[in-house]
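Trainee: Here it is, the structure in full.
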Amino acid sequence: MRFGLFGGARTDAGEQASDSRIYTDYIDYICEAEQLGFHSVFLVEHHFTGFGQVSATLGFLTYLAAKTTTLRLGTAVLVVPWHNPALLAEQAATLDLLSNGRFDFGIGKGYRWGEFHGFCIPMVEAEERYQETVAFLRKAWTSEGRFSHHGKYWHYEDVVIEPAPVQKPHPPFWVGAASPNSIRYAAEQGYNLLLGQGGGPETVAEGVAIYRRAVEEQDRVYDSSMVGLTRALHIAMNDRERAEARALRAKFLAQVESLSLSPTGETPTLGRPRKRLSPAERDALTERDALIGPPEEIIQRLKVLQAAGVEYVMVIDFAGSRDHLHTFAREVMPAFA
């Protein structure tokens, strides 16, 4: 089993983010993780949050490319409907070049109402913008010489995208998917699969099995490294620390939920209301899905996930503790070497 990091630094942006790590601390944290044997780091892209989540993700990863030597550098995910496709192709290829082919390109359509609202982009356009941008990226990285593109949202005439990425035909695409149809679609498109922080072992096992079958139905060879699972992590050695971890996790989930829904409580892309979770429901989800507890308990939880077909786990330590990082590397990772 291999392990990576997931998440992102938060800026010291005043009262709203006063309890967050600054970028330089997080960079040191990531570099230390590389020395401890972590395989990768996947960073989010978010905007307009008020609590300092990473926004300029490709720029941050490009800086990390110069600070690391073996760590895979990924996005999880870059929301492509917000980006100019030509500029995105250039920036992603530059990162792949400067990292010597260590870039993993996690892409998505976006889900937070507040971000689409801030960009003045209707969420109903997300699917079309996503598909057009992905098609452009593939064309940009595989075309020989100049080409033109005339789509619904973007137009380019007689362009060549440079530099070319190191990885051929392009950096591997990773997509987040949860429903059976979206998981099958990911496999059919040749994407690697990112499974999220939610879902118990049975749900995870079902997702892995669906993806594997879909890959093999295309006469491709399935490899466990094609699927990554994200889990929240908090080393808690006693009941007090466990309670603090659950409270911290619940607070974060509430913040994310507040940014995801429209003011009317709707999920705009689906056109129907979505019930807000109660504190008890958030607590139950944290207990089911997060890796909270002493090392021996976390090992057992990971073994259950391994039995479900997972061999690649990205952890998000929402406490941001160097001690947790060392404890995980020293006491948990060797059990899966």
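The values are calculated or read from the model by the stated rules, or taken from the named source; none is laboratory data. Predicted model only: the values in this text are computed from it and were never measured. When we count neighbours, we look across all protein chains shown, and the Cβ atoms used for this are built from the backbone with ideal geometry, even at glycine. Side chains included, ligands, DNA and RNA excluded: accessible areas come from the protein's heavy atoms. Shrake-Rupley method; radii C 1.70, N 1.55, O 1.52, S 1.80 Å.
Trainee: Cα axis of helix 126-142 to longest principal axis of the chain: angle in degrees, 0 to 90, nearest 10?
Mentor: Between the helix axis and the principal axis of the chain, the angle is about 70 degrees.
Trainee: On to the next question. Relative to 2.2 N^0.38 Å, what does the C-alpha radius of gyration of segment 94-205 come to as a ratio? Two decimals please.
Mentor: 1.23
Trainee: In degrees, nearest 10, range 0 to 90: what is the angle between the Cα axis of helix 85-98 and the longest Cα principal axis of the chain?
Mentor: Approximately 60 degrees, to the nearest 10.
Trainee: Could I ask something else about it? Give me the percent of DSSP beta bridges within the chain that run antiparallel, rounded to the nearest 5.
Mentor: The answer is about 15 percent antiparallel.
Trainee: Hey, what's the Cα Rg ratio for segment 192-250 versus the globular rule of thumb, 2.2 N^0.38 Å? Intermediate values should be presented prior to the final figure.
Mentor: Values: Rg = 16.1 Å, N = 59, 2.2 N^0.38 = 10.4 Å.
Dividing the Cα Rg of segment 192-250 by 2.2 N^0.38 Å gives 1.56.
Trainee: Kindly count the pairs of lysines across the chain whose alpha carbons are less than 29 Å apart, treating pairs on different chains or eight or more residues apart as eligible.
Mentor: 11
Trainee: If we sort 131-141, 278-288 on the protection proxy, mean other Cβ atoms within 10 Å, highest first, what's the order?
Mentor: Result, highest mean first: 131-141, 278-288.
Trainee: Still on this structure: Once you place label points 7 Å from the Cα toward the Cβ at N238 and T24, how far apart are they in nm?
Mentor: Between N238 and T24, the simple spin-label model gives 3.5 nm.
Trainee: Under a Cβ-only charge scheme (Lys and Arg +1, Asp and Glu -1), can you give me the dipole magnitude of segment 157-284 about the Cα centre, in debye to the nearest 20?
Mentor: 620 debye
Trainee: If you count only protein heavy atoms with a 1.4 Å probe, what accessible area per residue comes out for the chain, rounded to a whole Å²?
Mentor: On a per-residue basis, the chain sits at 45 Å².
Trainee: Between 0 and 90 degrees, rounded to the nearest ten: what's the tilt of helix 295-307 against the longest Cα principal axis of the chain?
Mentor: In the chain, helix 295-307 runs at an angle near 50 degrees to the longest axis.
Trainee: Moving on. Could you quote the convex hull projected area for segment 1-145, Cα atoms only and averaged over all directions, in nm²? Mind dumping the intermediate values first?
Mentor: Working: hull surface 39.2 nm².
Mean projected area of the Cα convex hull: 9.8 nm².
Trainee: Hey, any idea what % of segment 55-160's accessible area is carbon plus sulfur with a 1.4 Å probe?
Mentor: 55 percent
Trainee: Give the Rg/Rh ratio for the chain, taking Rg as the radius of gyration of the Cα atoms and Rh as the Kirkwood radius, to two decimals.
Mentor: Radius of gyration over Kirkwood radius for the chain works out to 0.95.
Trainee: What Kirkwood Rh does segment 53-134 have if only Cα atoms enter the pairwise 1/r average? Answer in Å.
Mentor: In segment 53-134 this quantity evaluates to 13.4 Å.
Trainee: Rank A65, N84, A247 by how far each Cα sits towards the positive end of the charge dipole of the chain (+1 on Lys, Arg Cβ; -1 on Asp, Glu Cβ) and give me just the farthest.
Mentor: A247
Trainee: Another one. Quick check: at a probe of 1.4 Å, how many percent of the accessible area of segment 291-336 sits on carbon and sulfur atoms?
Mentor: Answer for segment 291-336 is 49 percent, counting heavy atoms of protein chains only.
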